[in-house]
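Nothing in this text is a laboratory measurement; each read-out follows from the coordinates by a stated rule. Predicted model only: the values in this text are computed from it and were never measured.
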Amino acid sequence: MKKITYTLILLFTHFYVFAQSSNWKIETSIEQLNHDYNWSIAGNPEGNSPNILSELIWSKLKGPKINLNISRSVYKQFELSFNFSQHCIKQGRAKDTDYLQDNRTDPFFDEDALSNKGQAFDYSLFLKYEIPAGRFLKLKPYIGAAYFDKKLYLLDFPGTLNDPPLNSTYKNRWKGGVLGIETGYQLNKLLLILNLAAGYYDYLAKARWNLNEKFNQPLSFKQTANSYTLSAGFRAGYSLSKHIAVIMGVEKKYGASYSGIDEAYLSDGEEVRTRFNGAEFNSFGAKAGLEFTF
């Protein structure tokens, strides 16, 4: 990812200096994002005893997301685009279940938790190339680097008497590269854009299980694996003037890791490795905002 990022920054610097004209676009929007998240581990490194030992499921995580996109035409048909977003989780639930037997049978621990707290950050840098495909149609294939992380919580429900209170966290980080294509259709003041993208990432998660005395604090365990994402988005923009447009859009995104390694750090200093079966998320968001061109 570092090599990709450095290359894009160098290209941006080169094109900025030698560009014939400036064309900046700044897009800001507010989005309502809903997503689910889950992961599981097996009982040993081979993936057995049982094949699912522990499973965490976060469901109906909801909250506002702030998006910022800055784009610039840098040289002929080339465009550089920087994206940032912050998602604040305000609603959600979680379920922690441990099993004695394969295929989620014979549970010996099953606990629900509140998850109305948390946040996620997303950064990406893309280099796009515009291909005219007709009078009204334009294609923009792109390549870039992306980083996003999510911090999820397990919290007590109101009225629960834990001392200290449940305050466990699971922070996962996705870092890698993205390939995608935008298909735009211009009809007078209306611009319709379909965006399809796929990414490949390094996955790293670190957890703090604050009420489990067998785990070390603050790092109770970590998980590593390779992962990928697939996304599809649709956006409509309507020009109010030469420099301002109203935008609305939706996006569906899916991400999953392959199997990897789970390393648990116990309070007695012992380290235990087992199979990380993988993590998975589904998200859907709807947004509205403004785009400024100058």
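Assorted remarks:
- At 1.567 mPa s and 4 °C, Stokes D of segment 227-294 from Kirkwood alpha-carbon radius, µm² per second: 82 µm²/s
- Angle of helix 2-18 to the longest C-alpha principal axis of the chain, folded into 0 to 90 degrees and rounded to 10: 20°.
- Segment 46-98 and segment 189-214 have their alpha-carbon centroids 3 Å apart.
- 27 Å Cα-Cα threshold exceeded, pairs from K128/K206; K90/K242; K138/K171; K60/K189; K25/K287: K128/K206; K90/K242; K138/K171; K60/K189
- Only one of (i) 123; (ii) 199; (iii) 144 was calculated from the structure for volume of the Cα convex hull per residue in Å³, and its label is (iii).
- Shape category assigned to segment 164-217 from the gyration tensor of Cα positions, a/c cut at 1.5: oblate
- Taking only Cα atoms of segment 43-176, radius of gyration then Dmax in Å: 21.8, 67
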